[in-house]
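First the structure, in the form of structure tokens, and then the observations on it.
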């Protein structure tokens with residue numbers, strides 16, 4: 001047997017700015033120029049979330065003007081492609097093929113860049129296509145929601161849904177850069193603007209007690225979605241996520257631990273059961289509430305702390321229960337419990353669920369008592385009935 005080990009160094013670049021496509025903003029120019037070969041003008045092809053394009057009607061023109069103003073560094077490989085957004089785009093594999101066709105038609109190569117401007121679902125879809133075209137084309141992500149700017153958009157995972165399972169087909173691919181333009185948050189609908197706050201609460205709970213206390217101290221501003229508070233929460237959430245990816249020792253999840261997925265085993269299944277009518281952030285909020293009560297019943301977390309956290313979750317505007325939690329299959333079994341087995345499969349066969357023993361810490365369990373889960377489900381239903 002011949003065996004040689006080797007290492008590859010990656011750089012996870014996350015930039016924070018406003019009005020990235022203002023021609024006077026040099027953030028993007030300097031980013032592209034930093035990796036450009038001498039005298040080579042970098043080719044760029046852009047995909048844009050339809051909802052973002054509709055909400056920002058001058059976006060395509062601004063992008064074209066920006067590239068034209070910096071034509072000594074970059075050039076467009078074609079007219080930007082507008083892609084349907086929302087979770088439904090990840091349920092149609094034909095859209096992956098359409099992205100491949102566009103990349104091929106634009107003659108995008110491994111020294112070119114695919115710009116992806118949109119919410120988390122569009123980033124997942126297009127970056128999966130880009131990461132598999134030519135075995136990986138450079139991607140620059142421009143997340144446009146609080147959820148994607150603070151969580152999924154700054155990660156290294158891409159994927160689409162298949163076999164009725166979330167992110168069943170996907171890839172690990174480190175983007176060339178992530179550009180968080182806070183100006184995109186200004187035009188978000190209230191529901192989408194709120195969703196990213198739950199990932200901030202989640203990551204604070206499992207990694208940073210000081211950040212959690214900051215969230216509590218700014219509860220009113222967050223509930224009112226005041227820009228300064230929301231932007232700080234998103235930025236700090238992004239910083240902690242990137243720190244975990246870069247320092248955990250398992251960025252591509254070769255093991256079974258996924259500590260950033262607190263509350264997600266229920267969330268992923270709940271999105272499916274609701275036919276994706278429940279947003280990802282809303283599903284995570286419910287999943288976190290269930291896991292918090294489960295932790296109390298399992299003797300992992302004290303009840304007062306669990307109630308304190310659930311109060312924060314509800315106070316910033318999230319529900320902690322939905323009738324979808326109570327749906328049953330033909331055998332009378334709770335459908336949501338199938339989320340455990342699907343999560344186990346997604347992790348490679350060994351279940352590893354993150355729970356919170358105290359604020360700022362996380363604790364891994366490898367089995368969950370379904371009776372206690374049912375009691376926790378009853379608990380969130382009871383809590384939700386109270387004002």
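Which of (1) part of a helix (DSSP H, G or I); (2) touching a strand residue (DSSP E or B) at 6+ places or on another chain (Cβ under 8 Å) does residue 252 not meet, given it meets every other one?
(1)
If we keep just the residues of the stretch 310-332 that are part of a helix (DSSP H, G or I) and touching a residue at least 12 places away in the same chain (Cβ under 8 Å), which is farthest from residue 191 (Cα to Cα)?
Among those residues, the one meeting the criterion is 326.
What is the number of the single condition among (1) buried (at least 17 other Cβ atoms within 10 Å of the Cβ); (2) without any contact (Cβ under 8 Å) to a residue 60 or more places away in the chain that residue 71 does not meet?
(1)
Does the stretch 180-216 hold any residues that are touching a strand residue (DSSP E or B) at 6+ places or on another chain (Cβ under 8 Å) and closer than 20 Å to residue 53 by Cα, and which are they?
180, 181, 182, 184
Read through the list (1) in contact with a strand residue (DSSP E or B) (Cβ under 9 Å, 6 or more places away or on another chain); (2) part of a helix (DSSP H, G or I), then give the number of the only condition that residue 300 fails.
Exception for residue 300: condition (2).
For the stretch 157-169, how many residues are surrounded by 16 or more Cβ atoms within 10 Å (Cβ to Cβ) and out of contact with any helix residue (DSSP H, G or I) (no Cβ under 6 Å at 6 or more places or on another chain)?
So the count comes out to 3.
Would you say residue 74 is in contact with a helix residue (DSSP H, G or I) (Cβ under 9 Å, 6 or more places away or on another chain), in the same structural domain as residue 117 (by TED's automatic domain parsing), within 16 Å of residue 126 (Cα to Cα) and at pLDDT 95 or above?
Spelling it out, it is not the case that residue 74 is in contact with a helix residue (DSSP H, G or I) (Cβ under 9 Å, 6 or more places away or on another chain), in the same structural domain as residue 117 (by TED's automatic domain parsing), within 16 Å of residue 126 (Cα to Cα) and at pLDDT 95 or above.
Select, from 241, 268, the only residue that is buried (at least 18 other Cβ atoms within 10 Å of the Cβ), in contact with a strand residue (DSSP E or B) (Cβ under 6 Å, 6 or more places away or on another chain) and under 21 Å from residue 354 (Cα atoms). Before you say what the answer is, go through the steps one by one.
Numbers: 241 fails: in contact with a strand residue (DSSP E or B) (Cβ under 6 Å, 6 or more places away or on another chain).
Going through 241, 268 in turn, the sole match is 268.
The rows are residues; the columns are (1) crowded, with 18+ Cβ neighbours inside 10 Å; (2) under 16 Å from residue 154 (Cβ atoms).
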site	(1), (2)
174	yes, yes
181	yes, yes
184	yes, yes
187	no, no
195	yes, yes
212	yes, no
220	no, no
223	no, no
231	yes, yes
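Given the options 300, 286, 320, 278, name the one that is in the same structural domain as residue 230 (by TED's automatic domain parsing) and closer than 14 Å to residue 199 by Cα. Don't jump to the end; show me each part of the working.
Numbers: 300 fails: closer than 14 Å to residue 199 by Cα; 320 fails: closer than 14 Å to residue 199 by Cα; 278 fails: closer than 14 Å to residue 199 by Cα.
The match here is 286.
Of the residues 22, 54, which is part of a loop (DSSP other than H, G, I, E, B) and assigned by TED's automatic domain parsing to the domain that holds residue 145?
22
The values are calculated or read from the model by the stated rules, or taken from the named source; none is laboratory data. It should be emphasised that the depicted structure is a prediction, and the values quoted were computed from it without experimental measurement. Here Cβ is always computed from backbone atoms with ideal geometry, including for glycine, and neighbour counts include all displayed protein chains.
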